[in-house]
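Single-structure report; data block below.
The values are calculated or read from the model by the stated rules, or taken from the named source; none is laboratory data. Because the structure is predicted, anything quoted here is derived from the model rather than measured. In this analysis, Cβ positions are derived from the backbone assuming ideal geometry, glycine residues included, and neighbour counts consider all displayed protein chains.
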Amino acid sequence: MTAPLLTTPLLWLTATLGAFAVFDTLSKRCARHPLLHPVLWTTPVLIGLLIATGTSYGTYMTATLPLAFLLGPAVVGLAVPIWNERVRIRRLAMPIGLALGAGAVTSIVGAVGILSLFGAPREMLASIAPRATTTPVAMAVAGQLGGVPALAAVIVLFAGVVGAMVATPLFDAMGLHDRRARGFSLGVAAHGIGTARAFQEDATAGAMASLAMALNAIVTAALLSIVAVAV
């Protein structure tokens, strides 16, 4: 394999999509077992390929820019299922608002509080505070709070994968079968990755997760921005 080939977008796009497709198929065949989430396994495989070929992350990021670009239309596309469920969402405005507020505050206070008990430095606390939001929001808010944006991005990814992995068995163990509640909880706690998992359950869960993801990003960013100004 020649060095020029390692820098071509086609190689790394194929590797990324191919690895994800393999693990997603395996996940489907195993009834979406929590330990077989495709993102959980695709990430270390790609890291291993980058290390084995001596390819820098910058090269990989440049080669896979088309995938990053498609995230924008994908997020905008989530407005469609939300619109389709608009009547139901309007009827649930009050419980949605209460659940959103409780989820956003719990996410921030829980994560920061636990790390504080272990004496984590301020930069770590600032980086984990926006963990339940999407990556761009988390990075911006973490920087505003004096945290490390790159670390915030890693934490967000980890939170999303873990949330998507444990949500279904946890909901089942709790006896929570309402698709609206399951989807909304996933969207608040596990942002985009959780939303993708919610769509695997059904359209209603996916729509509620999409709404929760968007609203939680706004509420969490607003709350933490107030904190940043105050401190």
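Taking residue 89 and the conditions (1) in contact (Cβ under 8 Å) with a residue 60 or more places away in the chain; (2) farther than 20 Å from residue 178 by Cβ, which numbered condition does it fall short on, given that it satisfies the others? Against the list (1) in contact (Cβ under 8 Å) with a residue 60 or more places away in the chain; (2) farther than 20 Å from residue 178 by Cβ, residue 89 comes up short only on (2). Against the numbered list (1) of a type in the set (Phe, Trp, Tyr); (2) within 24 Å of residue 161 (Cα to Cα); (3) assigned by TED's automatic domain parsing to the domain that holds residue 208, residue 83 comes up short only at (2).
Here is a list: 35, 67. Which entry is in a helix (DSSP H, G or I) and surrounded by 11 or more Cβ atoms within 10 Å (Cβ to Cβ)? Reasoning before the result, please.
On the way: 35 fails: surrounded by 11 or more Cβ atoms within 10 Å (Cβ to Cβ).
Step by step, each of 35, 67 is checked, and only 67 is in a helix (DSSP H, G or I) and surrounded by 11 or more Cβ atoms within 10 Å (Cβ to Cβ).
Close contacts from region 58-74, counting a first residue that is in the same structural domain as residue 47 (by TED's automatic domain parsing) and modelled with pLDDT of 85 or more and a second that is part of a helix (DSSP H, G or I) and loosely packed, with under 12 Cβ neighbours inside 10 Å, with Cβ to Cβ under 8 Å and a gap of 6+ residues or different chains, come to 61/68.
In this structure, is residue 173 aliphatic (A, V, I, L, M), more than 23 Å from residue 126 (Cα to Cα) and free of Cβ contacts under 8 Å to residues at least 24 places away in the same chain? Yes. Number of residues in region 191-211 that are under 22 Å from residue 25 (Cα atoms) and either not in a helix (DSSP H, G or I) or not aromatic (Phe, Trp, Tyr) (or both): the value is 13.
The number of residues in region 127-175 that are more than 17 Å from residue 104 (Cβ to Cβ) and charged (D, E, K, R) comes to 1.
For every residue, the table says whether it meets (1) over 30 Å from residue 23 (Cα atoms); (2) more than 15 Å from the chain's Cα centre (by Cα); (3) crowded, with 19+ Cβ neighbours inside 10 Å.
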{"residue": "139", "(1), (2), (3)": "no, no, yes"}
{"residue": "145", "(1), (2), (3)": "yes, yes, yes"}
{"residue": "148", "(1), (2), (3)": "yes, yes, no"}
{"residue": "173", "(1), (2), (3)": "no, yes, no"}
{"residue": "183", "(1), (2), (3)": "no, no, yes"}
{"residue": "187", "(1), (2), (3)": "no, no, yes"}
{"residue": "195", "(1), (2), (3)": "no, no, yes"}
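Filtering region 25-42 to residues that are free of Cβ contacts under 8 Å to residues at least 60 places away in the same chain and within 19 Å of residue 190 (Cβ to Cβ) leaves 27, 33, 36, 38, 41, 42. Criterion applied to 27, 56, 107 was being in contact with a helix residue (DSSP H, G or I) (Cβ under 9 Å, 6 or more places away or on another chain), polar (S, T, N, Q) and surrounded by fewer than 17 Cβ atoms within 10 Å (Cβ to Cβ), and the one residue passing it is 56.
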